[in-house]
Amino acid sequence: MSDAPILFFDSGVGGLSIVAPARALLPTARFVYAADAAGFPYGTKSEAEIAARVPALLGRLAERYRPRLIVIACNTASTIALPAVRAALDLPIVGTVPAVKRAAELSVTRTIGVLGTDATVRQAYVADLAARFAADCTVLRHGSAALVELAEAKLRGAAADPAAYRAVLAGLFDQPGGDSIDVVVNACTHFPLVADELAAAAPRAVRFVDGGAGIARRIAALTEGQDWPDRAASGTAVFTRLGAAERALAPALAAYGFDAIEGL
Ligand code: DGL
């Protein structure tokens, strides 16, 4: 059992922002990182496409890697397909939910920004979180496919273009009421990977929050008392399409502990 991995799943490299805090809590755990390169990006897809794709794909991944737990390290897939995945697979599934509650705890101005993919920010799930945890806040949302691409490009070694980040944030801060935002939820796992670029491009000092640390604690709690290998071993990254664009991620993946790359 000590060899059974935790499988992290995202459309691309975003899930690495969950891997990092999980690794800090579980230093010798075996991790497999799965990226649906053939289905990327999720944020511009319909609910029906994501709901049809994700449970079946996770079923194939679970058969191949026999994980003890799966982390859907993707807000888009979690807000749309989490119940279907849980119904289809007989193992613990941890999802990634926009950190609206945390933002509401921190906001002084009571105006919160939610930055996610187009598919995530339009989900009733996000409106429910706002109603439950931020009822006294104005919650402004913005979906950005460009920011997902910027994060992917950064991990392939591209230089940052500050104007591109400013343009993304203008979509949030230039909305009516946007000048009162003091906390922004990074509601896409790709976005913490470009935290420095976002902070530099923000029109003023605002706080960015995400769910990474909380998800890592949840993973640790669900696996408490389980056996792990004695020492850390290299992890495997698996792609649903493996071409030059994916191989260009090898140095970034190695920095997160994934030295082996394979196709599904
Ligand atoms: N990283 C994903 C998320 O958390 C989605 C990125 C995409 O494929 O659009 O929503």
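Table for the structure above
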read-out: About the Cα centre, charge dipole magnitude for segment 73-214 (Lys/Arg +1, Asp/Glu -1 at Cβ), debye; value: 200
read-out: Value of relative contact order over the chain, rounded to a whole percent, pairs C-alpha under 8 Å and six or more apart; value: 27
read-out: Mean separation of Cα contacts under 8 Å (6+ apart) over length of segment 159-264, as relative contact order %; value: 22
read-out: Neighbourhood charge, 12 Å Cβ-Cβ cut-off, centred on ALA151 and excluding it, Lys, Arg +1 and Asp, Glu -1; value: -3
read-out: Formal net charge of residues neighbouring GLY43 (Cβ-Cβ distance under 15 Å; K, R +1; D, E -1); value: -3
read-out: Highest-first arrangement of 5-18, 178-191, 220-233, 197-210, where packing means the average Cβ count within 10 Å; value: 5-18, 178-191, 197-210, 220-233
read-out: Listed peptides 81-88, 211-218 by packing density, highest first (mean Cβ within 10 Å); value: 211-218, 81-88
read-out: Point-charge dipole on Cβ atoms (K/R +1, D/E -1) for the chain, about Cα centre, debye to 20; value: 240
read-out: Residue of ALA99, ALA77, ALA56 that the Gaussian network model of the chain assigns the largest fluctuation, springs spanning Cα pairs under 10 Å; value: ALA56
read-out: Among VAL54, GLY39, ALA29 the positive-end extreme of the charge dipole of segment 1-109 (Cβ point charges); value: ALA29
read-out: For segment 132-176, the spread of Cα positions along each principal axis, largest first, Å; value: 41, 22, 13
read-out: Gain in span if fully extended, THR44 to ALA244, counting 0.36 nm per residue against the direct Cα distance; value: 69.7 nm
read-out: Distant-in-sequence amide H partners of ALA37 (H built 1.01 Å from N, under 5 Å); value: THR240, ARG241
read-out: Computed Rg/Rh of the chain, alpha carbon atoms with Kirkwood Rh; value: 0.96
read-out: Segment 240-260 and segment 19-64: distance between their alpha carbon centers, rounded to Å; value: 15
read-out: Lys, Arg +1 and Asp, Glu -1 on Cβ, resulting dipole of segment 132-189 about Cα centre, debye, nearest 20; value: 200
read-out: Translational D in µm²/s for segment 100-156 (Stokes-Einstein at 37 °C, 0.692 mPa s, Kirkwood Rh from C-alpha pairs); value: 269
read-out: Segment 96-115 and segment 2-18: distance between their alpha carbon centers, rounded to Å; value: 25
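A short reminder: the numbers here are calculations on the coordinates, not readings from a lab. Values in this document were obtained by computation on a predicted structure and should not be read as measured data. Methodologically, a virtual Cβ is constructed for each residue, glycine included, from the backbone with ideal geometry; neighbour enumeration extends over all protein chains shown.
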